[in-house]
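One structure below.
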Amino acid sequence: MAGTAGRCGPRAKRGVMMASDTRPGSQPRAISPGTQGDDDQQDTRLRPARLQDFVGQPQVKENLSIAMAAAQLRGEPLDHVVIYGPPGLGKTTLANIIAHEMGAAIKVTSGPAVERASDIASILTGLQPNDVLFIDEIHRLNRAVEEVMYSAMEDFFLSWVVGKGLSARNINLRINPFTLVGATTRYSLISAPLRDRFGSVFRLDYYNDADMATVVQRSANIMGIKGDAEGLDEVAVRSRGTPRIANRLLRRARDYALVKADNRITGPVARESLDRLGVDAKGLDETDHRLLNNIIDKFNGGPVGLDTLAASLSEDTSTVMEVLEPFLLQQGFIERTPRGRVATRLAYEYLGWPWQGTGSDATQQGNLFG
C-alpha cells in the first residue's frame, strides 16, 4: 500500500516535502518511540497487569510464564531478567507484570540515576524478600555500581569499600532475596560480567499488523474512544509496530475526530488526521522521507557513509544510526553495506523515483568479467 508520496512524481514530491520541512529537533516526531508529553501517564493507564493480557511477543510470554510458574512452585524469587529491544515495545510493562504475577512489590530506577555504590546499596537494603528491582537503561550503570551488583545478584550479599587510603573500610551486608529486571535498548553495551549474571534474556521485536490492531482496539476500549475497524486498523498500520506510538497516534486521531468529525474514528477520519501529522501509510514521517530522498537524490542511491549521510540531514551519527535507521532497515527501505547505506528498490518505488538498478536490490549484479 503506497502512501501519498508514492502517488506523486519525485520532482513534485520533493517540492511538497521541502515546503513543509522544519529543522530536525524543532518539535517531537509523532512517530518517535521515545516518551513525549503525557505518554508516561497514559502508558501507565493502558498497561496490562497480567501476562495473559499482554499482546504479542508469544515466545517471550511463554518462556516468562514457565519461569515464573517454576519459581512460584519452588517458593523462590524469579531468576534475574534482562529485557532488550527498541523503545516503546513494552519492557517496562513486562517488568510490572513480573512483579504483579509474582505477588511482589516493585522498585523502579534507572541506570543514570544510580551514580554511586552507596545509592544502589540504599536501594537494595530497602527491598523486602522477593521484591522486584527494575533498572531501566541498565547499560548506563557505572562500573562502581556494577561491581556492587555482582555479589548482590549472585549471593544476595553486599560488599563495598567506603573511604580512601588508611581510612578505607570494607562493608559487608546480607540483603533479602530479590529479582533484578533490567531493560535496555543497547544490549551489547551491558558489560559481560553483568550480562552473565542474568538467568533469562528476552528480546522484544516490532509487532505485526494483527497484534498492533489488537493493541489499538484494547486501548480504544480503555479510553472510551469510538471508532470502526477501518479507522482503528489505519492507526495500527501507521504505528511502526510500536505500541507506544500506536497509543499516541490514537489519542491524536481521537482529538481530530472530536474537533473535525462526529467524535468517531472512521477510516477517512484516521487517514486525514494522521496525514496532517505527517505520518504516511507505512508509518514514515518527513524525517524518514528526507533520509531516503537524500540517499537517492544526492548520493545516487548509495552507498553513502554514515558521517556523510548524517551531515546531509544536519543530524549526529548516533541519531541516524539508533533512531532513524532501525525501522527503515526493518521495512527493507535501506541496507547497511561495508561501503555505506544503500536505498533499496522498495524505497525507490515507494517514493516514486524511477529505479536506476544501482541499489542493493538490483536483480542484475553483473558478471565480474562480462
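The values are calculated or read from the model by the stated rules, or taken from the named source; none is laboratory data. Being a predicted model, the structure only gives us computed values, none of them experimental. Backbone-built Cβ (ideal geometry, glycine too); neighbour counts: all protein chains shown. Ligands, DNA and RNA are stripped out before the accessible areas are found, and what is left, the full protein with its side chains, is counted by its heavy atoms. Shrake-Rupley method; radii C 1.70, N 1.55, O 1.52, S 1.80 Å.
Values computed for the structure shown
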| read-out | value |
| --- | --- |
| Residues located in region 294-312, provided they are surrounded by fewer than 18 Cβ atoms within 10 Å (Cβ to Cβ) and in contact (Cβ under 8 Å) with a residue 40 or more places away in the chain | ASP297, ASN300 |
| VAL279 outside any helix (DSSP H, G or I) and closer than 25 Å to THR214 by Cβ | yes |
| Extreme residue, nearest to the chain's Cα centre (by Cα), among residues of region 217-239 that are surrounded by fewer than 22 Cβ atoms within 10 Å (Cβ to Cβ) and among the basic types (Lys, Arg) | ARG218 |
| One residue from LEU274, LEU346, LEU291, LEU329 being open to solvent by less than 10 Å² (accessible area, probe 1.4 Å), assigned to a helix (DSSP H, G or I) and over 30 Å from ILE225 (Cβ atoms) | LEU291 |
| Yes/no for ALA99 being touching a residue at least 24 places away in the same chain (Cβ under 8 Å), crowded, with 19+ Cβ neighbours inside 10 Å and either of a type in the set (A, V, I, L, M) or closer than 25 Å to PRO58 by Cα (or both) | yes |
| Qualifying residue in region 179-191 (condition: in contact with a Pro (Cβ under 6 Å, 6 or more places away or on another chain), open to solvent by less than 50 Å² (accessible area, probe 1.4 Å) and not hydrophobic (A, V, I, L, M, F, W, C)) | yes |
| Boolean, ILE120 is at negative phi and assigned to a helix (DSSP H, G or I) | yes |
| Members of region 145-179 found to be modelled with pLDDT of 90 or more, within 10 Å of LEU124 (Cα to Cα) and in a strand (DSSP E or B), listed by number | PHE178 |
| Residue satisfying all of: in region 64-96; more than 26 Å from PRO243 (Cα to Cα) and touching a residue at least 60 places away in the same chain (Cβ under 8 Å); surrounded by the fewest Cβ atoms within 10 Å (Cβ to Cβ) among these | GLU76 |
| Subset of region 55-87 [closer than 26 Å to ARG140 by Cβ, outside any helix (DSSP H, G or I) and not hydroxyl-bearing (Ser, Thr, Tyr)] | GLN57, PRO77, LEU78, ASP79, HIS80, VAL81, VAL82, ILE83, GLY85, PRO86, PRO87 |
| Any hit, region 205-216, residues being touching a strand residue (DSSP E or B) at 6+ places or on another chain (Cβ under 8 Å) and open to solvent by less than 50 Å² (accessible area, probe 1.4 Å) | no |
| Every residue from region 135-144 that is open to solvent by 40 Å² or more (accessible area, probe 1.4 Å), farther than 13 Å from ILE120 by Cα and in contact with a helix residue (DSSP H, G or I) (Cβ under 6 Å, 6 or more places away or on another chain) | GLU137, ARG140 |
